[in-house]
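Visitor: Below are the structure tokens for one structure; questions will follow.
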Amino acid sequence: MLTFAGTAVMAGIITVHFGLINRGEWGGDDYTTFSGYLNGGLHYAWFRFWSWSPRPVSELFYGLWVAAVLLSRRPLVIPLFFFGWIPFLACAIPTLLHRKRDGMASHILGTTALLAFVLLGQDVFWVFYWSFGILAYMPVIALALYMLLSLINENPRPQFEPAGIVTSLVLVAVAWSSESGTLVVLVFSSMAMVYQFIRNRTGTSRMPIVARWLPPIAAGLLVVAFSLFNHRAVDPMFPNGEAALYHHTLASLWASAARLPSELMSPAGEPSGHLVLGMIVRMLFFAGIYCCWVTRDPAARRDRHWLPILALALVTEMLLEIAATYRQFGTPCCGHHVEVRYGLGLVAFAAIAIWLPPIPRVPVRVLRAIAPMLLVAATIPLLLPRYKDLALDYQYYWEPGRLRAMTWESGFSPGPAMTLYQPVQDSVFSAQIPPGHQVAGDGWWVPGILKFFGKESVDVVIVDEHKASN
């Protein structure tokens, strides 16, 4: 009963966050991109690809969304995020392919816990409720979860093995979704190929191994090649950046190595002063996941030798990604990157936990019985800061849609001025555009808004529905 109760808690966390996809909002990036497509069409799409965003998969889907919005003259926020969440939820499929009844309930608990903990990240908004995040960065976390759950499936089918066809296609798609995905794919695929070379003690040809891993590696290198020749490498240093790190590779690597442990041990991703709390949450999570998959069956552990490789690849990607942001901007950037690294860190912890052998003389059934208590306890410090805000988000559930409708009505009304309405910011959802009367030149986000709606000025209003109703 405890296992089912724990699974219900984790499923509830997932459901609550999925139900709030209506809080997804357009930000400055969206308005800028949409105005570019509106004025430049396919020429602008090509310009984005070669000069800024060499992401064939995510840019394709974003372009299709743009076309649908321009044809329907509606923001289509809910359809975008509904379909965007599908890959995240679908990464749990390997668990459902488990064909043994023994331990199935615990495996489902562990799988739902992994998804729930990802959504409890401090910067969840920037990956799961921001259009660029759901298309470009969510697939990176989904890939890590998919690889983990594929490798621990006790009866893997060939297409779900590390070098299977389905996995290769998923790796290519994620490499072409964002630069973060490119790093994950390149690091994991390279390590996996070397690992297979080392394990190939029979003296057989290595060409099949190379052929298996060549497509994702080539896909990743293509993105790297585009990135080396576009103008993003010369982005200016952020105002809070450090000149000693900006465009200094070695210094950025050292700074990355210093920051990585604090991210790994942070309660919800962003480093904070709550290191002890973060360590407690991580230990409870680690122990809970261990108890979900612990087994004494040697056959059930046959593919778990891959798990340290996956964990090492994910931690290496985290290190390189932090270093890349230090080098490019002089400071860690940005919320979506922090959330991605938070998710990858969770999967790395889970991979090592599941890889560990059973504890001698401790019955497996006892460990599985305490798993839900450990995992639920780990969620409490992450839920406490946001449960009131989530309750208010549901209490005023229809307000975001109403405010979007008001914005579009004002934007397409006659006259040179408009009003842009946004819901109030809380611990989960961010107001992406600052309030106030704004004209072109007041901020990088303003020209996109004005060009999209054909206006000369915009009054940005953040509406606190709770206060407005009293």
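Visitor: Lys and Arg at +1, Asp and Glu at -1: add these up for the other residues within a Cβ distance under 13 Å of Leu80 and post the number.
Guide: Working: positive: Arg23, Arg74, Arg404; negative: Glu25, Asp30.
Every neighbour counted, the sum reads +1.
Visitor: Helix 364-383 sits at what angle to the longest principal axis of the chain, using alpha carbons and giving 0 to 90 degrees rounded to 10?
Guide: 20 degrees
Visitor: Dividing the alpha-carbon Rg of the stretch 103-151 by 2.2 N^0.38 Å yields what? Mind dumping the intermediate values first?
Guide: On the way: Rg = 12.1 Å, N = 49, 2.2 N^0.38 = 9.7 Å.
Here the Cα radius of gyration is 1.26 times the empirical estimate.
Visitor: So what is the 222 nm mean residue ellipticity for the chain from helices alone, if each DSSP H run of at least 4 adds -39500 (n - 2.57) and you divide by all residues, rounding to the nearest 500 deg cm²/dmol? Don't skip to the answer; put the middle values down first.
Guide: Values: 21 runs with 304 residues, N = 470.
When only DSSP H runs of four or more count, the value is -21000 deg cm²/dmol.
Visitor: Sticking with this one: Report the calculated FRET efficiency for Ala225 and Leu71 (r = Cβ-Cβ distance, R0 = 25 Å), to the nearest 0.05.
Guide: Working: r = 34 Å, r/R0 = 1.36.
That gives a FRET efficiency of 0.15.
Visitor: Which whole-percent values make up P(r) of the stretch 400-468 when all C-alpha to C-alpha distances are grouped in 5 Å steps starting at zero?
Guide: For the stretch 400-468, the binned pair fractions read 4, 18, 27, 25, 16, 8, 2, 0 percent.
Visitor: What translational diffusion coefficient, to the nearest whole µm²/s, does the chain have by Stokes-Einstein, given a Kirkwood radius computed over alpha-carbon pairs, a temperature of 25 °C and 0.890 mPa s viscosity?
Guide: The diffusion coefficient I find is 104 µm²/s.
Visitor: What do you get for the angle between helix 335-355 and the principal long axis of the chain? Use alpha-carbon atoms, 0 to 90 degrees, nearest ten.
Guide: 10 degrees
Visitor: How would the stretch 1-110 be classified by its alpha-carbon gyration tensor: rounded, prolate or oblate, with rounded meaning a/c under 1.5 and the a/b versus b/c comparison settling the rest? Could the numbers behind the result be given before it?
Guide: Working: a/c = 3.83, a/b = 2.34, b/c = 1.64.
Because a/c hits 1.5 or more and a/b exceeds b/c, the stretch 1-110 counts as prolate.
Visitor: How far, in degrees from 0 to 90, does helix 77-90 lean away from the longest principal axis of the Cα atoms of the chain, to the nearest 10?
Guide: Between helix and principal axis, roughly 10 degrees.
Visitor: With contacts defined as alpha carbon pairs under 8 Å and 6 or more residues apart, what's the relative contact order of the chain in percent? Let's see the in-between values first.
Guide: Numbers: 713 pairs, mean separation 99.2, N = 470.
21 percent.
Visitor: Then there's this: Please state the charge dipole magnitude for the chain, taken about the Cα centre, from unit charges on C-beta atoms (+1 on K and R, -1 on D and E), reported in debye and rounded to the nearest 20.
Guide: Numbers: 32 positive and 28 negative charges, 378 e Å.
For this selection, approximately 1820 debye.
Visitor: So what is the relative contact order for the stretch 400-468, in percent, with contacts set as C-alpha pairs under 8 Å and at least six apart? Provide the component values of the computation, followed by the final result.
Guide: Numbers: 104 pairs, mean separation 25.2, N = 69.
The normalised contact order for the stretch 400-468 reaches 36 percent.
Visitor: With Cβ to Cβ distances under 10 Å as the rule, what net charge do the other residues near Ala255 carry (K, R +1; D, E -1)?
Guide: Local net charge: +1.
Visitor: D for the stretch 310-453, whole µm²/s, Stokes-Einstein with Kirkwood Rh over alpha-carbon pairs at 37 °C and 0.692 mPa s: what number? Mind dumping the intermediate values first?
Guide: Numbers: Rh = 20.2 Å.
My calculation gives 163 µm²/s for D.
Visitor: So which chymotrypsin sites (Phe, Trp or Tyr not before Pro) in the stretch 339-434 are both in a DSSP loop and have at most 15 other Cβ atoms within 10 Å of their Cβ?
Guide: Details: sites: Tyr342, Phe349, Trp355, Tyr387, Tyr394, Tyr396, Tyr397, Trp398, Trp408, Phe412, Tyr421, Phe429; in loops: Tyr396, Tyr397, Trp398, Phe412, Phe429.
Passing sites in the stretch 339-434 are Tyr397, Trp398, Phe412.
Here, each number is a calculation from the coordinates, and none is a lab measurement. Since the structure is predicted, the reported quantities are computational estimates derived from the model, not experimental observations. So basically every Cβ, Gly included, is an ideal-geometry build from the backbone, and we count neighbours across all protein chains shown.
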